[in-house]
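These notes are about the structure you will find just below.
The values are calculated or read from the model by the stated rules, or taken from the named source; none is laboratory data. In this text the structure is predicted, and so the values were computed from the model without any measurement. Using ideal geometry, Cβ is built from the backbone for each residue, glycine included, and neighbour counts are taken over all protein chains shown. SASA here: full protein model, heavy atoms, side chains in, ligands and nucleic acids out. Shrake-Rupley method; radii C 1.70, N 1.55, O 1.52, S 1.80 Å.
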Amino acid sequence: MAVLEIISYPNALLKQKSLAVESFDSTLHQLLDDMFETMLSRNGVGLAAVQVGVHKRALLILIPREDEKQYNEDLLEVINPVITHKEGKIYWNEGCLSVPGFYEEVCRYEYITLEYQDRFGSHKKLELKGFKAVAIQHEMDHLDGILFVDHLSLAKRKKFEKEYKRLRKER
Ligand code: CO
């Protein structure tokens, strides 16, 4: 397993749409393993393949439990996801490994039904709510070239651009 470089905003690669995964082979498994290592190394709760420069519809989430710790067995590997039902509204203070240092509230669906494939190509279906539902929507946006800051109002977006520029200078 290897820790990969995470691409950050405003890299144009993040705006490209990812393509459906068709081969559930060792190349995909290697990618998922490397993404996992990369996500943990940065204390992330989610990562999409595009963030490591691979335009495949694959993502991971690993949401902390109530004790705020992450348990590897909770890892969700999600390939070719589709949301087949969505309901309710929830506001969540989001961040992103590709937008380091910036956090802002985004409105998402509170309940979703997710259909996807696992690393072997088996079809799965899950009902998710709260943080898990939010994380899936955030990561699925990445697959379509959308970042959480793209959901902000014009005023908040301006505030972000200004603050982000300052953060990047400090880094
Ligand atoms: Co993100």
Taking the Cα centre of region 87-171 as the origin, how large is its charge dipole in debye, to the nearest 20, when only Lys and Arg (+1) and Asp and Glu (-1) carry charge on their Cβ atoms? 500 debye
What are the ³J(HN,Hα) values, in whole Hz, obtained from phi via the Karplus relation 6.51 cos²θ - 1.76 cosθ + 1.60 with θ = phi - 60°, for each residue of region 10-25 in sequence order, with x given for Gly and Pro? x, 4, 5, 4, 5, 8, 7, 6, 8, 9, 4, 7, 10, 10, 9, 10
If you average the C-alpha positions of region 61-83 and of region 98-171 separately, how far apart do those two centres end up, in angstrom? 15 Å
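Looking at region 37-120, which chymotrypsin sites (Phe, Trp or Tyr not before Pro) are in a loop (DSSP not H, G, I, E or B) and have at most 15 other Cβ atoms within 10 Å? Spell out each step's value before the answer.
Working: sites: 71, 91, 92, 102, 103, 109, 111, 116, 120; in loops: 71, 102, 103, 109, 120.
Answer by residue number: 71, 103, 120.
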Dipole check, the chain, charges on Cβ (K,R +1; D,E -1), about Cα centroid: among 20, 51, 83 the Cα furthest to the positive pole belongs to 51
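If you take every residue apart from residue 143 with its C-beta less than 11 Å away from the C-beta of residue 143, what net charge results, scoring Lys and Arg +1 and Asp and Glu -1?
On the way: positive: 17, 56, 57; negative: 139, 141, 144.
Counting the neighbours of residue 143, the net charge comes to 0.
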In debye, nearest 20, what is the charge dipole magnitude of the chain about its Cα centre with +1 on Lys and Arg Cβ and -1 on Asp and Glu Cβ, if you could check? 900 debye
Go through 35, 93, 61 and say which Cα lies farthest out towards the positive end of the charge dipole of region 12-170; charges sit on Cβ, +1 for Lys and Arg, -1 for Asp and Glu. 93
Rounded to the nearest 10 Å², the accessible area of residue 52 at probe 1.4 Å: 20 Å²
Per-residue [θ]222 nm for the chain (sum of -39500 (n - 2.57) over DSSP H runs n ≥ 4, rounded to 500): -9000 deg cm²/dmol
Restricting to the chain, what percent of DSSP beta bridges are antiparallel, rounded to 5? 95 percent
